[in-house]
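The values are calculated or read from the model by the stated rules, or taken from the named source; none is laboratory data. Quick caveat, the model's predicted, so the values are computed rather than measured. Methodologically, a virtual Cβ is constructed for each residue, glycine included, from the backbone with ideal geometry; neighbour enumeration extends over all protein chains shown.
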Amino acid sequence: MTMRAGSAPHPIPGGLDREQLLELYYYMRLTRALEERLVNLYRQTKVIGGLFRSLGQEADAVGSAYALDRSRGDILSPLIRNLGSMLVQGATPVEVLRQYMAKGTGPTAGRELNIHFNDLERGFLGQISHLGDMVTVMAGITFTFKARGEARVGLVYIGDGAMSTGAFHEGMNFAAVQRLPLVVICENNGYAYSTPTRKQTAVAHLVDKASGYGVPGVQADGNDVLAVYEVTRAAVDRARAGHGPTLVELITFRRKGHAEHDNQSYVTAAEVEAWEKKDPLDRYSRRLAAEGWATRDELEGIDDRIRLELDRAVAECENDPLPAPETALDGVFANPRRAETEWYRRLP
């Protein structure tokens with residue numbers, strides 16, 4: 001579909017402008033394309049460790065992160081399927097590629113993998129693998145915002161399964177009692193690894209848990225990037241105004257296994273097919289054209305730009321060296337000596 005000559009574009013929701021609409025498309029397409037490159041590298045055994053896809057969930061990460069204000073010092077903590085949120089905050093494809101390939105030139109110099117890295121200046125705090133715990137960490141961080149009188153907001157992601165952990169309860173309860181400027185995004189993709197949501201919690205809607213903490217809860221279509229942006233922006237504005245946290249539940253679906261090694265045999269083909277028809281990128285590109293907000297040529301131009309960016313990024317880092325063995329203890333001890341001078345290197 002293309003925009004008809006002479007037809008006026010429809011009003012843009014959410015207070016966004018046309019440039020921002022195209023930027024949302026760029027970040028969603030970049031997320032998917034970067035992960036597709038990583039799949040190719042993984043199959044060539046160039047990715048170290050696991051590869052976690054966000055196929056079908058790109059709108060969650062991009063739309064929610066886009067509601068933050070980096071210029072005011074807002075910060076987020078992603079999960080393994082929130083690569084898009086880090087790209088919005090300023091992470092680069094080169095960094096992500098180096099991190100996944102454990103390059104010595106990467107953000108953690110091969111000490112960590114996938115998106116487990118931080119940059120507080122750009123506004124993202126890397127996750128840890130203990131799911132649910134980052135809610136308590138971000139509650140602590142946003143407590144410092146409030147204590148210092150800073151008009152900053154924190155955002156943290158959690159999956160449907162991790163909402164059944166004690167860490168989620170403790171962090172959510174503390175944030176509610178202290179009225180902290182925190183937005184908690186629950187990505188309800190139907191499965192906690194291979195456990196369907198109905199088998200790990202009895203509530204009909206995860207957002208209903210918000211009332212137990214005395215905070216607002218809102219549910220939105222996680223495959224509609226504009227809907228995600230609007231509900232998150234309202235929660236961010238509420239937090240910045242001093243009214244405390246909000247629990248946002250985004251309904252979506254994970255169209256790949258937990259990681260690339262997981263064949264997702266616990267999900268029916270019909271379920272995957274049904275959600276393919278709700279693909280967030282397809283839906284958004286169709287709407288951009290139908291509403292007169294962008295032409296197909298513009299979207300294809302963004303796609304071409306991303307392909308070129310990723311070609312350059314892969315070429316830049318693919319042959320970078322792995323970490324030098326003698327640097328293994330750098331950053332572990334204060335003022336570390338080089339390995340050849342350590343006691344365990346010396347023969348008796």
Go through the stretch 174-190 residue by residue and tally those that are touching a residue at least 12 places away in the same chain (Cβ under 8 Å) and either at positive phi or surrounded by fewer than 17 Cβ atoms within 10 Å (Cβ to Cβ) (or both).
3
With respect to LEU113, determine if the residue is part of a helix (DSSP H, G or I) and not β-branched (Val, Ile, Thr).
no
When you look at PRO196, is it surrounded by fewer than 24 Cβ atoms within 10 Å (Cβ to Cβ) and under 29 Å from VAL272 (Cα atoms), yes or no?
yes
Residues in the stretch 47-106 that are assigned to a loop (DSSP other than H, G, I, E, B) and hydroxyl-bearing (Ser, Thr, Tyr): how many?
4
Being more than 17 Å from GLU36 (Cβ to Cβ) and of a type in the set (D, E, K, R) is the filter here; which residues of the stretch 64-111 pass it?
ASP69, ARG70, ARG72, ASP74, GLU95, ARG98, LYS103, ARG111
Could we say that ASP74 is charged (D, E, K, R), surrounded by 23 or more Cβ atoms within 10 Å (Cβ to Cβ) and closer than 26 Å to PHE145 by Cβ here?
yes
Pairs, please: C-beta under 6 Å, at least 6 apart or cross-chain, first residue within 22 Å of PRO13 (Cα to Cα) and in the stretch 289-312, second among the polar types (S, T, N, Q)?
GLY292/SER7; ARG296/THR2; LEU299/SER285
The residue from ALA239, ALA220, ALA234 that alone is modelled with pLDDT of 95 or more, closer than 21 Å to LEU180 by Cα and buried (at least 19 other Cβ atoms within 10 Å of the Cβ) is ALA239
Within the stretch 240-253, can one find any residue that is in contact with a Pro (Cβ under 7 Å, 6 or more places away or on another chain), more than 30 Å from MET101 (Cα to Cα) and either of a type in the set (Phe, Trp, Tyr) or not in a helix (DSSP H, G or I) (or both)?
yes
In the stretch 83-93, how many are buried (at least 21 other Cβ atoms within 10 Å of the Cβ) and either in contact (Cβ under 8 Å) with a residue 40 or more places away in the chain or over 12 Å from the mean Cα position of the chain (by Cα) (or both)?
6
Within the stretch 116-144, considering residues that are in contact (Cβ under 8 Å) with a residue 40 or more places away in the chain and part of a loop (DSSP other than H, G, I, E, B), the one surrounded by the most Cβ atoms within 10 Å (Cβ to Cβ)
GLY123
